[in-house]
Structure formats: structure tokens, C-alpha cells
Amino acid sequence: MNSVIIAKFGGSTIGVDGISIPVIIQRINSISKNAKVVAVFSAPLTVVEGKRTSLTDVALELGKRAEGGKAFDLIILRKTYEKILELVSSEFQDECSVIIDDCLDKVRIELEKAMEKKEFSDEIRSKTLAYSGEILMSYVMDYILKSQG
């Protein structure tokens, strides 16, 4: 029976705009020589006002804005994933781009609900964080790993 290793890659490991993803791929390839690997990915980091910031924190701030009835913009989220999309081979870029659009559309819908209800909690908060972070990053990493064979 083969060993199974669960490898968690946090935002700091992924780096700003996915800068460390090539190192993660090397690590996964190395580990997978002797075991099956289940990789778990957190939301990546980005830079906001000159500071390294987790996309989770960006999404929480967007939720706070929406809850307060203020306009929100998904541009920071989109730019980060568009930068990471560059690591996806041309064969898979269109498919991956559709997934990014779909997930960010789900984030927008949840933030609109928060604005309408004047509440950013429970399911709205969970879906916003998941579709802007871990779920979306997992999809993108799937395409990056496919691109690498």
C-alpha cells in the first residue's frame, strides 16, 4: 500500500501573486516519488498599499465594505489570479480563466447579498472567503499542475 501525504501550502508559502508556485511544484514532484500527495492550498498573498496581504484579508475588507453599504471592487482579487494564470499553459488558460470568472462572480453575488442584508456573516462570509481563496486557488493549482504534466 502506498503512503499518502497531505501537504498544506499556506499563503506565505504560495507568495505574493503566486511567486513561489514553481517551488511548490518541485516539492510536490519530489514528495510524489514515494507517496500519493493530497495538496491543500490557502489563498495567496498580494500587495495592498505596499504591504503583503492575504487575499483572505482583502475579501474580509470587501465584506466589511459591503456590509456597510459601500461600493466594493474585486480588482485586487482578479489581478492576483490573472498574474497566477500566467503559470497555466496556453492549453488550459481559457478553461482556467472561466473558472476564475465563475468563482469571482460567486464572490460578487455574496457581497451583493451582504450589502442588501447589511450583514457579512455565516454562509455569506464563508462563501465569499472560499470562492475568493481556497476553492479558487485549488482550481487554479489543478490547472497549473496539469500544465506541468
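Points worth noting:
- Within segment 108-131, the set of residues being open to solvent by 30 Å² or more (accessible area, probe 1.4 Å) and outside any helix (DSSP H, G or I) comprises K118, E119, S121.
- Taking helices (runs of 4 or more DSSP H) as the structural unit, those lying wholly within segment 17-102 and holding at least 1 residues that are within 13 Å of L136 (Cα to Cα), hydroxyl-bearing (S, T, Y) and in contact (Cβ under 8 Å) with a residue 12 or more places away in the chain correspond to 55-67, 75-85.
- Considered as a group, the residues in segment 36-59 that are crowded, with 17+ Cβ neighbours inside 10 Å and among the hydrophobic types (A, V, I, L, M, F, W, C) include one that is farthest from the chain's Cα centre (by Cα), and that residue is V37.
- When L62 is tested against (1) of a type outside the set (D, E, K, R); (2) modelled with pLDDT of 95 or more; (3) surrounded by fewer than 17 Cβ atoms within 10 Å (Cβ to Cβ), only condition (3) is not met.
- The residue list D101, D94, D105 contains one member that is surrounded by fewer than 17 Cβ atoms within 10 Å (Cβ to Cβ) and farther than 30 Å from R27 by Cβ, which is D105.
- Taking first residues from segment 136-149 that are among the basic types (K, R) and partners that are surrounded by fewer than 22 Cβ atoms within 10 Å (Cβ to Cβ), the Cβ contacts under 7 Å between residues at least 6 apart in sequence or on separate chains come to K146/F92.
The values are calculated or read from the model by the stated rules, or taken from the named source; none is laboratory data. Source: prediction; values computed, not measured. Note that we place each Cβ from the backbone using ideal geometry, even for glycine, and neighbour counts take in every protein chain shown. The protein model used for the area step is the full one, side chains on, heavy atoms only, and it has no ligands, DNA or RNA in it. Shrake-Rupley method; radii C 1.70, N 1.55, O 1.52, S 1.80 Å.
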